[in-house]
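Throughout, read-outs are computed from the coordinates displayed, never taken from laboratory work. The model shown is predicted, which means the values in this text are computed figures rather than measured ones. Neighbour counts are summed over all protein chains in view; Cβ atoms, including those assigned to glycine, are modelled from backbone coordinates with ideal geometry.
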Amino acid sequence: MSTPFLPVTEQPVAVVTGGARGIGLAIAQWFLDRGHRVALWDIDAQTLARTERELALPDRVLAVPCDVSQPEAVQAATDRVVAAFGRIDALVNNAGVAVFKPVGQTSWADWRTVLSTNLDGAFLCTQAVAPVMQQGGRGGAVVNIASISGLRASTLRVAYGTSKAALIHLTKQHATELGTVGIRVNAVAPGPVETEMAKLVHSVAIRSDYHDVIPLERYGTTEEIANVVGFLCSDAASYVNGQVIAADGGFDAAG
Ligand code: NDP
């Protein structure tokens, strides 16, 4: 999937939500390293503007402030990418928020924030982008960033784990329907990765638990997650559809 020397209009285009930092930024870099043009959608306009400046690739990076939980904002962001780049080949639904609280302390507002970003966001973005992929006639790839918390239940994650489990099912629903028009939809379920989100919700106790139960005995890096996402978007995965790949150092396998 090495394409830097293609004419501009033939360079594939990837949309990465939550792409201003963390795992999303590493995914964006994976695509840029392979000659793609990339649209970064993120709710935080300041971080987004800083990331855009640091990437310093004005012809290949389009930064679009967008709250993925808002249907009008998602449609407007999609229209901006089509106007600027003319096509969309890959969509990575990476934008996410985490609230780790006991059931009794998880408020309705917590629940709505987590579900609307992690689940509604992926639904809305795929709904808006899939017709663009279909009209392009080249098919496309969607990757949803789930979590190991969507594969197994654990304390404090009633909203987060439920949102990610539902996202995994959404992946299979979309794969079943969109596969018939050449759009593959898969999910990656990362284990713990050192990002701003992890700094916010991984207490000392959680970190020590992870160290004890992950066979590789460490957190993953953003690049290790991006490599799996990139593979799923590439032609090397052309017959992979509706799957969830855990990138978790063996956490899930160890039970
Ligand atoms: P970060 O918090 O570092 O990055 C997430 C980005 O998404 C932020 O820039 C954030 O902006 C943005 N965002 C949040 N809400 C919205 C929204 N409504 N619309 C658009 N953008 C939004 O998180 P990570 O990089 O760690 O996480 C990326 C994904 O990976 C998430 O889906 C997360 O659940 C998942 N994941 C992370 C793991 C980890 O250990 N880090 C483990 C397993 C899965 P802002 O800062 O303003 O909120």
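For this structure, a couple of remarks:
- Applying the criterion of being among the aliphatic types (A, V, I, L, M) and more than 10 Å from the ligand (Cβ to nearest atom) to the residues of the stretch 17-53, the residue that is farthest from T117 (Cα to Cα) is L32.
- Screening A159, A141 for residues that are closer than 25 Å to V201 by Cα and of a type in the set (A, V, I, L, M, F, W, C) leaves exactly one candidate, A159.
- Note on the stretch 144-243: enclosed helices (runs of 4 or more DSSP H) holding 2 or more residues that are without any contact (Cβ under 8 Å) to a residue 24 or more places away in the chain, away from the ligand (no atom under 11 Å from the Cβ) and small (G, A, S) are 204-213.
- Selection within the stretch 86-142 - buried (at least 20 other Cβ atoms within 10 Å of the Cβ), out of contact with any Leu (no Cβ under 7 Å at 6 or more places or on another chain), farther than 19 Å from L232 by Cα and not hydrophobic (A, V, I, L, M, F, W, C): G96, T117, G121
- When restricted to residues that are outside any helix (DSSP H, G or I) and either out of contact with any strand residue (DSSP E or B) (no Cβ under 7 Å at 6 or more places or on another chain) or away from the ligand (no atom under 15 Å from the Cβ) (or both), the stretch 92-138 contains 9.
- Residue satisfying all of: in the stretch 143-165; surrounded by 24 or more Cβ atoms within 10 Å (Cβ to Cβ) and among the hydroxyl-bearing types (S, T, Y); farthest from C233 (Cα to Cα) among these: Y160
- Of the criteria (1) part of a loop (DSSP other than H, G, I, E, B); (2) in contact with a Phe, Trp or Tyr (Cβ under 9 Å, 6 or more places away or on another chain); (3) not β-branched (V, I, T), which one A39 fails: (1)
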